[in-house]
Amino acid sequence: MNMSTPGATSVPPYKADDQDIVVELQQRFGAALLAVQPTRTGMPVIWVGRDQVKQVLQALRQMPRPYVMLYDLSATDERLRTHREGLPAADFSVFYHLMSLERNSDVMIKVPLADNDLSLPSVTGVYSNANWYEREVYDLFGIHFSGHPHLSRIMMPSTWEGHPLRKDYPARATEFDPFALSAAKQDMEQEAMRFNPEDWGMKRGAEHEDFMFLNLGPNHPSAHGAFRIILQLDGEEIVDCVPEIGYHHRGAEKMGERQSWHSYIPYTDRIDYLGGVMNNLPYVLSVEKLAGIEVPDRVKFIRVMMAEFFRITSHLLFLGTYIQDVGAMTPVFFTFTDRQRAYTVIEAITGFRLHPAWYRIGGVAHDLPNGWDRLVRDFVNWLPKRLDEYEKAAMKNSILKGRTVGVAQYNTREALEWGVTGPGLRATGLDFDLRKARPYSGYEHFDFEVPLGHRGDAYDRGMIRVEEMRQSIRIIEQCLNNMPEGPYKADHPLTTPPPKERTLQHIETLITHFLQVSWGPVLPANESFQMIEATKGINSYYLTSDGSTMSYRTRIRTPSFAHLQQIPAVIRGAMIPDLIAYLGSIDFVMADVDR
């Protein structure tokens with residue numbers, strides 16, 4: 001396993017709000033650029049007309065230092081938004097978030113749309129991974145993308161009425177009529193689930209041949225959750241496949257419109273439900289950008305330490321199930337036992353295990369307890385020997401290597417084309433880890449290395465996570481040895497409630513405490529964004545505030561969504577057992593896909 005040189009990356013230093021691209025686009029497109037929107041997202045946000053959006057995206061894709069990845073694509077219902085000063089008139093807007101590795105900077109392109117004409121040209125010909133994102137926008141907002149190869153619902157059933165992320169769509173079950181399922185409706189729903197292969201572009205081998213299908217899931221241990229893949233087979237060879245998601249969709253983005261900035265934190269735990277407090281991190285960092293809160297160094301170190309603990313627990317679960325998927329039954333029992341040791345430390349510090357919801361706006365819920373350092377030191381001294389055993393007994397096992405080496409390979413260009421991030425991208429040899437490339441929450445203070453693969457296969461994706469656990473131990477040990485003194489939360493009126501002793505002495509502090517608990521903080525009208533290197537790849541929160549106690553729009557970009565969209569491109573022509581090894585190597589969670 002290759003390692004990057006400590007402190008070095010193959011990308012230039014991060015350039016936030018890179019205005020070079022604004023100048024380049026203005027020179028090329030001039031008046032076609034409708035507005036440049038000031039935000040706290042850390043990137044230029046440029047509004048363009050619908051007729052120009054495809055040309056603008058093509059230009060960004062083909063520049064000398066191109067924007068190689070469509071990182072995210074979604075929409076906002078603008079109709080109830082009051083703070084839109086200086087922005088083009090719009091009932092809805094669609095945004096395209098693009099990443100450039102050669103620049104190490106991002107740009108966001110926004111398109112305004114009128115309620116009576118909700119259509120855009122599909123950009124699947126420019127960025128292949130726009131496919132699922134456009135389907136999601138069509139499903140949840142009702143915006144049509146002309147030229148899309150198969151524009152259909154993706155999260156909701158095909159029979160669903162309405163578009164859930166519109167502002168006029170109810171957000172609570174109590175606002176709906178009571179549910180009734182008649183016999184006729186049940187028959188209609190079951191008929192709607194029938195899979196029609198021609199609709200998906202599948203073709204028979206010859207005129208008199210019929211299709212041969214295998215349904216994997218939606219309930220199957222190798223599918224790692226409520227996930228369905230319809231496989232078209234020629235014997236055991238996979239000719240084509242259609243991944244089907246949405247069985248785990250809970251409307252997490254819609255819930256963000258009905259929860260205060262504080263009370264939404266526990267919902268973030270349940271996105272990648274194996275990531276625990278690491279899910280809190282991009283959300284609270286994004287809220288802190290909106291509020292203008294700078295947290296103490298102690299908070300940064302505590303957050304990093306606990307995030308790395310959850311990276312370890314997630315990777316341990318991955319390792320056990322990955323090895324199990326290729327036929328070895330015993331290791332999963334050992335990895336689960338090891339996770340319990342990690343959860344013992346997590347519970348001692350946070351009070352909870354799987355979903356602590358422990359980070360707070362401006363800090364953490366409480367300070368580190370007495371004796372935390374002894375527990376952490378015992379764990380970091382113990383785990384490396386266990387990882388050596390896993391590597392020797394399982395990862396170097398000839399059967400496991402035979403099942404995974406050279407299986408489900410893709411290169412860096414293909415990974416970027418499909419929006420792959422995290423270990424799946426680094427397995428191709430690209431040195432891009434946000435903790436190094438765009439440090440956040442104090443990661444610039446830590447000495448660790450970035451494990452890299454070179455084949456981009458199922459084996460490299462497994463080995464990288466083993467080595468990432470070793471690097472997480474290095475980071476945790478540095479937190480242990482260098483934990484700063486100081487408060488565990490910022491002294492800011494928009495953060496968590498002020499200290500109890502001050503509320504008993506100052507009437508203004510008592511009023512602030514009362515408002516924080518009863519309403520929650522009122523954040524300034526603006527937009528902010530934060531991405532982190534989560535357990536499964538890059539996870540981010542894009543928040544829009546309209547000057548209220550709740551988010552106007554909460555966009556959650558998860559790595560697993562992009563990784564599952566890539567499956568057909570990688571697995572066509574492979575065998576069924578190769579698909580199982582591939583699914584195990586992706587390390588996805590369906591709550592992370594569906595939200």
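Does Glu468 satisfy being in contact with a Lys or Arg (Cβ under 8 Å, 6 or more places away or on another chain), closer than 30 Å to Arg374 by Cβ, loosely packed, with under 15 Cβ neighbours inside 10 Å and modelled with pLDDT of 80 or more? Spelling it out, it is not the case that Glu468 is in contact with a Lys or Arg (Cβ under 8 Å, 6 or more places away or on another chain), closer than 30 Å to Arg374 by Cβ, loosely packed, with under 15 Cβ neighbours inside 10 Å and modelled with pLDDT of 80 or more. Applying the criterion of being crowded, with 19+ Cβ neighbours inside 10 Å and among the hydrophobic types (A, V, I, L, M, F, W, C) to the residues of the stretch 100-117, the residue that is nearest to Asp168 (Cα to Cα) is Leu113.
Scan the stretch 346-378 residue by residue and report those that are part of a helix (DSSP H, G or I) and buried (at least 21 other Cβ atoms within 10 Å of the Cβ).
Ile346, Ile349, Thr350, Val376 - these are the residues of the stretch 346-378 that are part of a helix (DSSP H, G or I) and buried (at least 21 other Cβ atoms within 10 Å of the Cβ).
Taking each residue of the stretch 474-488 that is free of Cβ contacts under 8 Å to residues at least 60 places away in the same chain and closer than 21 Å to Leu387 by Cβ and looking for partners that are of a type in the set (D, E, K, R) and part of a helix (DSSP H, G or I) with beta-carbon atoms closer than 7 Å, six or more apart or interchain, yields nothing.
For the stretch 481-495, indicate whether the set of residues that are at negative phi, at pLDDT 90 or above, assigned to a helix (DSSP H, G or I) and surrounded by 18 or more Cβ atoms within 10 Å (Cβ to Cβ) is non-empty. No, the conditions are met nowhere in the stretch 481-495.
In the list Arg403, Arg413, which residue meets the criterion of being part of a helix (DSSP H, G or I), over 23 Å from Gln471 (Cα atoms) and under 26 Å from the mean Cα position of the chain (by Cα)? Of Arg403, Arg413, the one residue that is part of a helix (DSSP H, G or I), over 23 Å from Gln471 (Cα atoms) and under 26 Å from the mean Cα position of the chain (by Cα) is Arg413.
In the stretch 400-411, which residue that is on the phi < 0 side of the Ramachandran plot and of a type in the set (A, V, I, L, M) is surrounded by the fewest Cβ atoms within 10 Å (Cβ to Cβ)?
Per the criteria, the residue is Val405.
Among the residues making up the stretch 412-440, a single one is in contact (Cβ under 8 Å) with a residue 40 or more places away in the chain, β-branched (Val, Ile, Thr), out of contact with any strand residue (DSSP E or B) (no Cβ under 7 Å at 6 or more places or on another chain) and crowded, with 20+ Cβ neighbours inside 10 Å: Val420. When every residue of the stretch 465-477 is checked against the conditions, none turns out to be part of a helix (DSSP H, G or I) and more than 30 Å from Ile323 (Cα to Cα). Reported count of residues in the stretch 253-276, each being over 20 Å from Val522 (Cβ atoms) and of a type outside the set (Phe, Trp, Tyr), is 11.
Table: residues versus (1) crowded, with 16+ Cβ neighbours inside 10 Å; (2) outside the structural domain of His445 (by TED's automatic domain parsing); (3) within 23 Å of Glu85 (Cβ to Cβ); (4) in contact with a Pro (Cβ under 8 Å, 6 or more places away or on another chain).
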residue	(1), (2), (3), (4)
Asp18	yes, yes, no, yes
Val22	yes, yes, yes, yes
Ala32	no, yes, yes, no
Val36	no, yes, yes, yes
Met43	yes, yes, yes, no
Gln62	no, yes, no, no
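So that you can scan it fast, the table gives a plain yes or no per residue for (1) charged (D, E, K, R); (2) modelled with pLDDT of 90 or more:
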| position | (1), (2) |
| --- | --- |
| Trp372 | no, no |
| Leu375 | no, yes |
| Asp378 | yes, yes |
| Tyr390 | no, no |
| Val420 | no, yes |
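For the stretch 152-203, a residue qualifies if it is under 16 Å from Val242 (Cβ atoms) and of a type in the set (Phe, Trp, Tyr), and the qualifying residues are Phe195, Trp200. Meeting the requirement of 2 or more residues that are more than 11 Å from the chain's Cα centre (by Cα), the helices (runs of 4 or more DSSP H) wholly within the stretch 497-595 are 500-503, 507-518, 559-565, 567-571, 576-586. Residue-level analysis places Met575 among those that are surrounded by fewer than 21 Cβ atoms within 10 Å (Cβ to Cβ) and on the phi < 0 side of the Ramachandran plot.
Quick check on Ile323: is it outside any helix (DSSP H, G or I) and β-branched (Val, Ile, Thr)? No: the conditions fail for Ile323. From the residues in the stretch 281-307 that are of a type in the set (Val, Ile, Thr) and in a helix (DSSP H, G or I), which one is nearest to Pro266 (Cα to Cα)? So, considering only residues that are of a type in the set (Val, Ile, Thr) and in a helix (DSSP H, G or I), the one nearest to Pro266 (Cα to Cα) is Val284. All of (1) among the β-branched types (Val, Ile, Thr); (2) over 24 Å from Ile476 (Cα atoms); (3) within 22 Å of the chain's Cα centre (by Cα) hold for Thr421 with one exception: (2).
Restricting attention to the stretch 250-302, the residues being at pLDDT below 90, among the hydroxyl-bearing types (Ser, Thr, Tyr) and surrounded by 20 or more Cβ atoms within 10 Å (Cβ to Cβ) number 0.
Within the stretch 432-453, can one find any residue that is basic (Lys, Arg) and more than 30 Å from Val126 (Cα to Cα)? Show your work before the answer.
Residues of the stretch 432-453 basic (Lys, Arg): 435-436, 438.
When the remaining residues are screened for being more than 30 Å from Val126 (Cα to Cα), the result is none.
No, because not a single residue in the stretch 432-453 is basic (Lys, Arg) and more than 30 Å from Val126 (Cα to Cα).
Search the stretch 501-525 for residues being in contact with a His (Cβ under 8 Å, 6 or more places away or on another chain) and among the polar types (S, T, N, Q), and hand back the single one that is surrounded by the fewest Cβ atoms within 10 Å (Cβ to Cβ). Checked the stretch 501-525; the qualifying residue surrounded by the fewest Cβ atoms within 10 Å (Cβ to Cβ) is Thr503.
Considering only strands (runs of 3 or more DSSP E) fully contained in the stretch 9-124, which possess at least 2 residues that are within 25 Å of Asn526 (Cα to Cα)?
Hits in the stretch 9-124: 33-37, 45-48, 69-77, 92-100, 105-113.
So in the stretch 168-209, with the set limited to residues that are assigned to a helix (DSSP H, G or I) and in contact (Cβ under 8 Å) with a residue 24 or more places away in the chain, which one is nearest to the chain's Cα centre (by Cα)? My answer is Trp200. All conditions in (1) farther than 18 Å from Glu417 by Cβ; (2) out of contact with any strand residue (DSSP E or B) (no Cβ under 6 Å at 6 or more places or on another chain); (3) of a type outside the set (Asp, Glu) hold for Val53, with the sole exception of (2). On the stretch given as the stretch 441-463, residues that are surrounded by fewer than 23 Cβ atoms within 10 Å (Cβ to Cβ) and assigned to a helix (DSSP H, G or I) total 4.
The single condition from (1) crowded, with 18+ Cβ neighbours inside 10 Å; (2) in contact with a Pro (Cβ under 8 Å, 6 or more places away or on another chain); (3) assigned to a loop (DSSP other than H, G, I, E, B) that Met156 fails is (1).
The values are calculated or read from the model by the stated rules, or taken from the named source; none is laboratory data. Keep in mind that what you see is a predicted model, and the values were worked out from it rather than measured. Quick reminder, even Gly has a Cβ in these numbers, built from the backbone with ideal geometry, and neighbours come from all protein chains shown.
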